[in-house]
Structures are given as C-alpha cells and as structure tokens.
Amino acid sequence: MKAAVYHEHNKDPRKVVKIEEIEIPKIKHNQVLIKVEAASYNYDDLWGIWGEPIKIPLPHISGSDVSGTVVDLGENVLDTKIGDRIVGHSTLTCRTCKKCTSGKEYDCRHRQVWGFQTGPLWGGFAQYTYLPEVNVIKIPDNVSFEDAAAISMVGVTSWHMLVTRANIQPGQTILIMGGGSGMGIAGIQIAKLFNCDVIATAGSQEKMDKCLELGADHVVNHREPDWYKKVRNLTNNQGGIDVIFEHIGKSVFPKEVSLLNMGGTLVSTGATTGYDSEIDLRYLFFRGLNILGSTQGSRAELDEVIKWISKGKIKVMIDTVYPFENMVMGHIKMMESQLFGKLITTPQKL
C-alpha cells in the first residue's frame, strides 16, 4: 500500500514527507483494518513533522482523522462488520482505569493521540490503517467520508469544550476565537445549536463574512490591535462574555480573561501562538472566573457530533481536497493559515 512517511524531522514538510510503498498492516484480535477513503489534517501533523513540542516514533505516518470502510476484523471484534462505513475516534486510552470506566477516557493518564503520538508507521495518511474496535464509529449513509474525516477531531474537541466542560446554556454569550479554523467553525455551530449568542473572531474580511453565514451574531477581526475593545463594546449590556472558546494561546489569552463576565468561563484546548502567557490574577478572583483545560473528548461525544451532522444541524466546511500524491501541500497550506475549514486528502484515489 501507499503511505505518506517521514523518517526525520524538518521545518519544511516537503523535504521529509514522501509517498512510500509499505506493507498493509496486520491487525490484532481487537482491531479492525480500514480502507482509508478520506483523511483530514490537524496542527499536530505539523508538530510531528517538526519534532516539537514532543518527540514521536520514527519512521512516522501522521494523520489523526480518518474515515473509510472496514475490510478485515480481529477475532475478538464484536459489533463491527466488514463493509461498515466508519470514522475514527483518535483518543487511544487504556480503557481499564477509573477515568476510562467512568466515561472520562479523555482524562486517562495513558491517553495518546492516534496518528500523532503513535507508531512507528501508525497513522491515517495511508491507503490502509487500523484501530481498536472501540475507536471506530459507524457513520450514516448521508454523511460523506470527507465530512466525517473533516469533523472527527475538531468536532469532538469543540463539543467537549463547550458542552461537557463549559456546560453552555441557552442565552449565554459565547466568544469563539479563530472562527475561521476547523475548531472555530465547529464551535460556532455547536453554540448556535444551544441557542447561544455568538461573537466570533477571524483574521480577514472573507473569513468574517463566512462566520456570519455559519450563524455567528457578530464577528470581530482579531488581527486588529483593539479587537478586544470591540468585543467588549458588543457586551456592554451583559457585563462581559459568559464563555470563551480558546485555542490560540499567548497572543490573546490575557485580553480574553479581561473580557469575561462575573463567574465567566474560559475553556482552552490549544496554544498555537505560544504557551507562556500571563494573566492579571485580579480578574480571576474578583470576578470568580473559571479557567478550564480541555483535550479531545469521548467516543460518545463524537457519536453525538456525527448525529447532528446527519440531521443537517452542523455543517462541515472543507477548504481543499488534495490528491494523495500532492498531500504534502496540505501541510504547507496549514502552515500558511490561508484556509477556511478543513484540509482533506484521499489516499484511495492515488
């Protein structure tokens, strides 16, 4: 089979990511073999190629989001059948600890992000891959492979942030940072699904317009120095933001904290602009703020996201579909951040 493999780290993906011929993987008793129809890009794919912030097994196949068709089953697979259309849940855990058995597998100490921390040669950018049966979810016929792959990580992460961690309620004012990203696009729609008032931020007029089309009530350009003042002006009657959906990090974090309402919540799942942020602690204790961390989500939460996509209540936005032979250009486009929605590659069409 063909797979996108790299054997060393480099800041330029074009220098190390190559399409290679490797063996189709052999599955264990509890695993399923998947013919990959679509695979989606995430920022952790770049971290793997760069070798930062953590080292990962080499040689490596990246790709944490896949959808496809089951073509082989381990002897102890119970409910999955050959021919099933599935999407992968990329959180690998022990499944036996107290966190896992209480439905909080995202807090498992042994948690790994499949396609990022796994390997050697175990990820989604390949014509065939494999996952434990517990990490695959059947998708309805009216959900395309491309849509399923595009939403799996950003959808479950956004749902977990807003619904599980922040416990959003109808009528709250929600600030969705980076509304033009895969995360932001999902966040806007989930917040509107719960009848919240949504302020989104984006980095260009084109992205701002698209955020409004997705349902955002207001949009602010976060590249402008006074972006936070514009957000504050939109909340004068409410006193501030109730929930902030954060995944940008250092460049915006202190201003975000200052925007929160009394008892408000900031839920964070990333820090693409840097990790070493500072905040004014007076906001924290005088306003009784909640600063929450969040990473990925449960299998049940991904199942919930897929349900709402099948009902047409959450729309998947795909920026570009790359043929597999040119899939490395998706890494380059992601580095340049000139996209709205998700990037997809289709290994079977090589």
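So here's what we get for this one:
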quantity: Members of the stretch 50-86 that are farther than 30 Å from Lys15 by Cα and of a type in the set (A, V, I, L, M, F, W, C); calculated: Val70, Val71, Leu73, Val77, Leu78, Ile82, Ile86
quantity: Residue within the stretch 171-180 that is in the same structural domain as Ser277 (by TED's automatic domain parsing), over 23 Å from Val316 (Cβ atoms) and either under 19 Å from the mean Cα position of the chain (by Cα) or part of a loop (DSSP other than H, G, I, E, B) (or both) present; calculated: yes
quantity: Any chance Val220 is touching a residue at least 24 places away in the same chain (Cβ under 8 Å) and buried (at least 21 other Cβ atoms within 10 Å of the Cβ); calculated: no
quantity: Qualifying residue in the stretch 209-226 (condition: outside any helix (DSSP H, G or I), over 25 Å from Met317 (Cβ atoms) and out of contact with any Asp or Glu (no Cβ under 8 Å at 6 or more places or on another chain)); calculated: yes
quantity: Residue among Thr173, Thr157, Thr164 that alone is out of contact with any Ser or Thr (no Cβ under 7 Å at 6 or more places or on another chain) and among the β-branched types (Val, Ile, Thr); calculated: Thr164
quantity: Residue selected from the stretch 103-155 under the condition within 25 Å of Gly180 (Cα to Cα) and among the aliphatic types (A, V, I, L, M), by the criterion farthest from the chain's Cα centre (by Cα); calculated: Val143
quantity: Hey, Glu20 over 18 Å from the mean Cα position of the chain (by Cα), surrounded by fewer than 17 Cβ atoms within 10 Å (Cβ to Cβ) and in a strand (DSSP E or B) or not; calculated: yes
quantity: Yes/no for Met161 being assigned to a helix (DSSP H, G or I), modelled with pLDDT under 95 and in the same structural domain as Thr273 (by TED's automatic domain parsing); calculated: no
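The values are calculated or read from the model by the stated rules, or taken from the named source; none is laboratory data. In this text, all values refer to a predicted model and were calculated from it rather than measured experimentally. Backbone-built Cβ (ideal geometry, glycine too); neighbour counts: all protein chains shown.
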